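The values are calculated or read from the model by the stated rules, or taken from the named source; none is laboratory data. Remember, predicted model here, so these are calculated numbers, not experimental data. Ideal geometry is used to build each Cβ from the backbone, glycine not excepted, and the neighbour counts take in all protein chains shown.
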Amino acid sequence: MVERASLTAFIADNTVVRPVALVPELSLHTADESTAIWQATERQLADAGVPPPFWAFAWAGGQALARHLLDHPELVTGRRVFDFAAGSGLVALAAARAGARRVWANDIDPFACAAIAANARLNGLGEHLAVVDRDVTEAASGAPDRIDLITAGDICYERDMTTRVMAWLRAQAGAGVTVLIGDPGRDYLPRAALAPVATMVVPTMADLEDASTRTTTIWRVLP
């Protein structure tokens, strides 16, 4: 296993700190181009099968969710927030900045976990959120108890994963947790299980989305 310090150094060496387009209150360690950072990640781990570097970009769904939380702090103020598949940690950072009582940022990619911690320090929020590095959809691990709000951005891009994750999110909604997802129209978005909350146009990188903007909707997950 690669040490967290090594991953943190890799992130610093292979990204640029810049404000998020739709959320300029927050800055992230981001990459300029997806292929180069992916290849660099593979070299770092000496492994050609590593997951894509989702952590190195501010994706449309995450940007929309972060903007929504900052614009509507009443959604998170004093509440316990769990950001699922957090990637860069952008949404978790927005929840912390908006006044959440406690924030967890969850991802199973060790690079993402290192990036979340680095981005939290960058924004002066290192003491305001915790990183959870396990698959919480498995019953044996699970999310922390007494969560008030779960957020998830850009999770509906692969069929099997979407089916598994949405089953878990709907179960959480059925248990009384508010669940919000941000999605710019990914292929496997299960609209029948969702209620629209807000829509906005989000700046994106053409290298990622083949477009300079994506119309992105925030949805509430139904039980």
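Points to keep in mind about this one:
- Here is the figure for region 186-206: residues that are in contact with a strand residue (DSSP E or B) (Cβ under 7 Å, 6 or more places away or on another chain) and not β-branched (Val, Ile, Thr) total 8.
- Evaluation of Pro53 against (1) at pLDDT 95 or above; (2) surrounded by 24 or more Cβ atoms within 10 Å (Cβ to Cβ); (3) over 30 Å from Gly176 (Cα atoms) (one fails), failing number: (1)
- Pairs meeting the criteria (first residue in region 179-202 and free of Cβ contacts under 8 Å to residues at least 24 places away in the same chain and among the polar types (S, T, N, Q), second residue surrounded by 15 or more Cβ atoms within 10 Å (Cβ to Cβ) and not in a strand (DSSP E or B), beta carbons under 9 Å, at least 6 apart or on different chains) are Thr199/Ala64.
- Counting only residues that are touching a residue at least 24 places away in the same chain (Cβ under 8 Å), more than 20 Å from Asp71 (Cα to Cα) and either of a type in the set (Gly, Ala, Ser) or not in a strand (DSSP E or B) (or both), region 106-145 holds 22 of them.
- Some residue of region 164-181 being among the aromatic types (Phe, Trp, Tyr) and at pLDDT 95 or above: yes
- Qualifying residue in region 209-219 (condition: of a type in the set (Gly, Ala, Ser), more than 18 Å from the chain's Cα centre (by Cα) and closer than 19 Å to Thr163 by Cα): no
- Total residues in region 1-30, condition under 22 Å from Thr199 (Cα atoms) and surrounded by fewer than 13 Cβ atoms within 10 Å (Cβ to Cβ): 1
- Residues in region 146-170 that are loosely packed, with under 15 Cβ neighbours inside 10 Å and not in a helix (DSSP H, G or I): Arg146, Glu158.
- Of residues in region 77-92 being more than 8 Å from the chain's Cα centre (by Cα) and outside any strand (DSSP E or B), the one farthest from Ile150 (Cα to Cα): Gly78
- Selection status of Val132, within 23 Å of Pro53 (Cα to Cα), among the hydrophobic types (A, V, I, L, M, F, W, C), out of contact with any Ser or Thr (no Cβ under 8 Å at 6 or more places or on another chain) and crowded, with 17+ Cβ neighbours inside 10 Å: yes
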